[in-house]
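Contents: one structure, followed by commentary.
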Amino acid sequence: MWEKIQKFVDRVESRIALWQIIQGGGVLGSGLISGWLSSGIAEIDQFGAFGWWTAFLVGSVLASLVLVLYGSFKVKYAEAKL
């Protein structure tokens, strides 16, 4: 059983870098947190699951934008250093 799991993890890791998995988990995690927190807000809670889903998507997009801005900052910094 463990050997099959290890082979699966090796295949996934050979195609997707570990940092990509972590970043994707961070984006999804921030979306989940924003969706869960939105259940306490009456304006969003009145829409039920659709409001929570919208809050999840907004949180995920914001987390992705933060990662994109961080990456572009690193590129600009490296270009300026050259």
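Only the coordinates and a few stated rules stand behind these numbers; no lab work does. None of these values were measured; they are calculated from a predicted model. Every residue, glycine among them, receives a Cβ derived from its backbone with ideal geometry; neighbour counts consider all protein chains shown.
Against the test of being surrounded by 10 or more Cβ atoms within 10 Å (Cβ to Cβ), free of Cβ contacts under 8 Å to residues at least 12 places away in the same chain and not hydroxyl-bearing (Ser, Thr, Tyr), the options Val9, Val58 yield a single qualifying residue, Val9. Within segment 6-18, the presence of at least one residue that is among the hydroxyl-bearing types (Ser, Thr, Tyr) and more than 14 Å from the chain's Cα centre (by Cα) is confirmed. Whether a residue is surrounded by 11 or more Cβ atoms within 10 Å (Cβ to Cβ), assigned to a helix (DSSP H, G or I) and either out of contact with any helix residue (DSSP H, G or I) (no Cβ under 9 Å at 6 or more places or on another chain) or aliphatic (A, V, I, L, M) (or both) was assessed, and Val66 passes this test.
Condition check ((1) without any contact (Cβ under 8 Å) to a residue 24 or more places away in the chain; (2) surrounded by fewer than 13 Cβ atoms within 10 Å (Cβ to Cβ)) across all residues:
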{"position": "Ile21", "(1), (2)": "yes, yes"}
{"position": "Leu28", "(1), (2)": "no, no"}
{"position": "Glu43", "(1), (2)": "yes, yes"}
{"position": "Trp52", "(1), (2)": "yes, no"}
{"position": "Tyr70", "(1), (2)": "yes, yes"}
{"position": "Val75", "(1), (2)": "yes, yes"}
{"position": "Ala78", "(1), (2)": "yes, yes"}
{"position": "Leu82", "(1), (2)": "yes, yes"}
